[in-house]
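Accompanying notes for the structure given below.
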Ligand code: APR
Ligand code: PHB
């Protein structure tokens, strides 16, 4: 079986699906090739905070209805630090903007729904996807489906297949540069059908980091920093709640409504970037090109900003024969990626306990928190980075 399309999109997570939708709205045909089943993709639980520009982008492309109904607009997020005063990252005050608490799982459902409504082609359970002749003018993708080998001839390939995907691996080792930090801990997350506390709060404690977040008025999401080798079996609910409550200051711990977890998982923390994000006619977007640690909730937002830049580049190429944005895509996207890597690294460093830290390190990081409490320029900078830097032209 052989088909032809203008853009072959590898990976049907939020980046691939949003790109597919935006291209379709501009009359550019595309096919999404996804390794997993639809049920698997929709079952994944990921982060849940949208920057102001991500919210606007979803609204602009007709994806805002459910988000505006079910999501929770937020003026910022809190930081708690043992017995020091609480701090609020006051996004509204410093930027006039708001964030939105709305889960990635819900966004992926919304995206699937519009692609199906609009007759979009998503091939699920596509095995052994590979990319061919990407440095030529006529690349193609092959994969296997239902025991049959299939081929898609395409003008461009968009690598939206996440950290474990094939796209990044298709770039020659000679040009590919990798930048990486591993962290000596993970995040243990649980979902619980109880009302969340008022604000999303990141907490530093000498026992380790903790986070109180939310998905809706009746669904809360909590995390604790855990050891790298821990498994969920090491963390029965009782142990989780005891540890979480101990890591928040008393007045916040008292507001947390505990209950049985309905989901529990552990994620490692990593900072990772590859350069370049373009190789011939292959363009990487989202987790295919980089990973940010979740402190700061940048992952999904960065994926959307890549989609913003890449869809603009592909539309300009196809509709106006203008290659400027294709040629600048990698550099433009990477500038924003590195800003987010920078913030996520700093927040991770500030808020976690690193094994082997000495009292000097502790004092330095406490002092960083004190600066946030007392220095308005530091408060403003953090608010601007947290809400998301503006897109470049
Ligand atoms: N062939 C086809 N599809 C693949 C392949 C492959 N070889 N490898 C992976 N995929 C699919 C995955 O099954 C997944 O559905 O690509 C998709 C990638 O989706 P995500 O990992 O969700 O990545 P992305 O769309 O870039 O989303 C950005 O934001 O919150 C963060 O890290 C979080 O998922 C996140 C991200
Ligand atoms: C989440 O709700 O899952 C979440 C929120 C904020 C983060 C990371 C994760 O920084």
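Numbers for the structure displayed
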quantity: Gain in span if fully extended, residue 194 to residue 346, counting 0.36 nm per residue against the direct Cα distance; calculated: 51.6 nm
quantity: Gain on full stretching of the segment that runs from residue 124 to residue 219 - 0.36 nm per residue minus C-alpha separation; calculated: 31.3 nm
quantity: P(r), alpha carbons of the stretch 225-340 - 10 Å bins starting at zero, rounded %; calculated: 12, 30, 22, 18, 13, 6, 0
quantity: Paramagnetic label zone (point 7 Å from Cα along Cα-to-C-beta, residue 267; backbone N under 11 Å) in the stretch 172-201; calculated: 187-190
quantity: Residue 181/residue 375 FRET efficiency (R0 22 Å; Cβ-Cβ; nearest 0.05); calculated: 0.25
quantity: Zone residues, the stretch 151-172, relative to residue 138, backbone N less than 19 Å from point 7 Å out along Cα-to-Cβ; calculated: 151-157
quantity: Share, in percent, of DSSP beta bridges within the chain that are antiparallel, nearest 5; calculated: 70 percent
quantity: Förster-model FRET efficiency, 30 Å R0, residue 60 and residue 164, C-beta, rounded to 0.05; calculated: 0.45
quantity: Value of [θ]222 nm, deg cm²/dmol, for the chain, DSSP H segments ≥ 4, -39500 (n - 2.57) each, nearest 500; calculated: -11500 deg cm²/dmol
quantity: Over 36 Å [Cα-Cα, the chain], rounded percent; calculated: 25 percent
quantity: Förster radius 45 Å - calculated FRET efficiency between residue 250 and residue 113, Cβ distance, rounded to 0.05; calculated: 0.55
quantity: Potential extension, residue 327-residue 361 segment - 0.36 nm per residue separation minus Cα distance; calculated: 7.9 nm
quantity: Principal axis box of the stretch 18-106, alpha-carbon based, largest edge first, Å; calculated: 54, 29, 20
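Computed from the coordinates by the stated procedures, all read-outs in this text should not be read as laboratory data. Quantities reported herein were computed from a predicted structural model and do not represent experimental measurements. Every residue, glycine among them, receives a Cβ derived from its backbone with ideal geometry; neighbour counts consider all protein chains shown.
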